[in-house]
Amino acid sequence: MGPPVEALFKDLVGLPEEALHAQTSGMEALWIVALGLPIYAVAGRLVLRWAGKRRFGLQFLLPRGRNYQLGTLIILLACGVLSDVSVKGLEFLGISGQEELTYLGGTVTNIWWVGVIAGIGAVSVLARSAILSELVNSGKESNRATVVLAVVVLVQSITSALTSGWKGAFVFVGLYILVAYVSRTQRIPWAGIVLGLLVYLFIVEPFVATGRQLAETLDIQTTKEKEGVFRELIDQESLIQVGSWKEINIASPFRSIYQLAGEVTRRNTLLQGEWEGLTIGWGLLALVPREFYPDKPPLNVGNFFAQTVGVDLGLVGPEDFVTNVGLTIPFEVIGNYGWLAGILSFGLMGAAWSLLSALLLTSDRLSNHPLTPWMIGISVAFESGVGHFLASVRALAIPIMVAFILAKLLRGKL
């Protein structure tokens with residue numbers, strides 16, 4: 001959708017050359033996607049059929065009814081808060097088991113058990129998925145106490161997003177509610193989507209972009225300093241920075257992936273990729289716990305993409321070692337092994353994602369599980385590198401284990 005949307009907007013605001021560039025800059029990548037998507041669909045369908053016949057999936061994650069009980073949700077949120085407080089308490093005592101890579105929040109875990117404590121905090125994301133889903137229910141379907149909790153969580157999520165420096169923090173809140181609504185009604189709320197896009201383009205995107213530019217100018221190094229910058233912007237009532245239609249960054253939701261994918265396709269051949277497996281191996285090494293491999297590389301493959309592809313396209317400066325860009329997994333594979341491998345990787349993605357979805361949601365409740373919005377959110381990791389995606393999957397282990405223990409304590413009555 002990116003190229004036609006961006007091209008139409010650029011043409012309407014009187015920028016015909018930029019409109020043409022928006023359409024043509026990544027045309028070569030379309031052939032890869034056109035061949036790969038049917039393979040993805042077939043592989044995914046075959047896996048789901050297999051899972052459906054075998055009652056495959058984590059049954060303890062299923063709620064007794066439509067959603068989890070209020071007590072379960074409160075316990076999950078409490079675990080998340082306790083995890084955060086514990087990590088900060090350890091830092092106060094001089095035990096810093098995690099080191100920040102950039103002010104945008106990337107971390108390196110130096111003490112494994114501190115990483116485990118921090119990982120427990122991810123259970124709050126599971127709770128948030130189920131809680132925000134309650135906002136789309138009404139009448140007898142609605143649990144009033146859970147709705148009140150959902151409003152509190154919604155306000156807290158938006159407040160936290162304001163100082164996060166991350167557009168995704170805003171987007172995921174809306175995404176969870178959108179997915180829950182579509183699952184319940186089987187209708188697409190076009191008016192709500194248009195309103196959400198306007199809020200994103202006129203408020204969220206310019207606000208975050210302004211804050212990041214100021215953070216770079218001030219040479220911000222930590223997330224605490226970054227939060228101070230964004231609080232200052234809020235105090236100055238600088239939420240809206242757009243001055244004219246031409247200043248709207250219409251391409252922001254699409255993250256320049258079309259251009260980047262086109263460039264990667266042009267730079268490689270049917271059977272050969274310029275990186276020769278470098279980034280795939282890098283991503284796999286980064287998954288090894290630092291306890292076993294102290295010298296493992298940081299998982300900043302996205303900046304490697306920025307420096308090798310983004311710089312050539314003029315999207316990133318050559319001295320920018322903070323910005324990460326996404327190619328999507330198939331085009332990272334192309335950069336390493338060529339076009340054919342990239343096309344075939346769609347099949348592997350379809351099978352792997354369907355297997356993971358069936359495992360966590362079960363094939364019978366793929367669309368109406370309280371964790372469905374969360375799973376849809378995880379799928380955004382396909383835009384990043386192989387290592388980032390696998391790290392996202394690995395991070396599921398601790399919160400799922402916490403949910404398993406809770407299910408046992410509650411005798412399976414989540």
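Placing a label point 7 Å from the Cα of Q59 along the Cα-to-Cβ line, the residues of segment 355-372 whose backbone N sits under 16 Å from it are 359-365.
Counting neighbouring beta carbons within 10 Å and listing from fewest to most, the residues V264, V155, V33 come out as V155, V33, V264. Label positions at F382 and R231, each projected 7 Å from the Cα along the C-beta direction, are separated by 4.0 nm.
Got a sec? How would D84, D235 order by Cβ neighbour count within 10 Å, fewest to most? The partial results should precede the final answer.
On the way: D84 15, D235 8.
The most exposed by this proxy come first: D235, D84.
Give the label of the value calculated from the structure for Rg/Rh (Cα atoms, Kirkwood Rh), choosing from [x] 0.95; [y] 0.98; [z] 1.05. So the calculated entry is the one marked [x]. Between T269 and Q213, the simple label model (points 7 Å from Cα in the Cβ direction) yields a spacing of 4.4 nm.
Calculated mean residue ellipticity, 222 nm, the chain: -19000 deg cm²/dmol, from DSSP H runs (n ≥ 4) at -39500 (n - 2.57) each, averaged per residue and rounded to 500. As a proxy for reagent exposure, ranking H21, H388, H369 by other Cβ atoms within 10 Å from fewest up yields H21, H388, H369. May I ask you to derive the FRET efficiency for L30 and T185 from their Cβ-Cβ distance with R0 = 35 Å, giving the value to the nearest 0.05? With R0 = 35 Å, the Cβ-Cβ based efficiency is 0.60.
What ranking, highest mean first, results for peptides 107-120, 301-314 when packing means the other Cβ atoms within 10 Å averaged over each residue?
Numbers: 107-120: 16.3, 301-314: 19.3.
Descending packing order for the listed peptides: 301-314, 107-120.
Near Q98, the amide H atoms lying under 5 Å from its own belong to N110; only residues 5 or more places off or on other chains count, and H is placed 1.01 Å from N. The 3J(HN,Hα) values that the Karplus relation (6.51, -1.76, 1.60; θ = phi - 60°) gives for segment 4-9 are, in residue order, x, 5, 5, 5, 4, 5 Hz. Gly and Pro appear as x.
Each other residue within a Cβ distance under 11 Å of F60 adds +1 if Lys or Arg and -1 if Asp or Glu, for a net charge of +3.
For labels at S392 and E247 in the simple 7 Å Cα→Cβ model, what's the distance in nm? Taking the two extended label points, one gets 3.3 nm.
Take every Cα pair under 8 Å whose residues are at least 6 apart in sequence, average their separation, divide by the length of the chain, and the relative contact order is 28 percent. The spacing between segment 31-50 and segment 161-203, judged by their C-alpha centroids, is 27 Å.
Provide the gained length on full extension for the span V311 to V155, in nm with one decimal, where the gain is 0.36 nm per separating residue minus the Cα-Cα distance. Let's see the in-between values first.
On the way: separation 156, 0.36 × 156 = 56.16 nm, distance 3.83 nm.
Length difference between fully extended and current span is 52.3 nm.
Between A145 and L406, residue separation times 0.36 nm minus the direct Cα-Cα distance comes to 91.9 nm.
Assuming charge only on the beta carbon of Lys and Arg (+1) and of Asp and Glu (-1), the dipole of the chain about its Cα centre is about 2580 debye to the nearest 20. Across the options L359, F202, V288, the greatest Cα extent toward the positive end of the charge dipole of segment 2-409 (unit charges at beta carbon of Lys, Arg, Asp, Glu) belongs to L359.
Throughout, read-outs are computed from the coordinates displayed, never taken from laboratory work. Because the structure is predicted, anything quoted here is derived from the model rather than measured. FYI the Cβ positions are ideal-geometry reconstructions off the backbone, even for glycines, and counts take in every protein chain you see.
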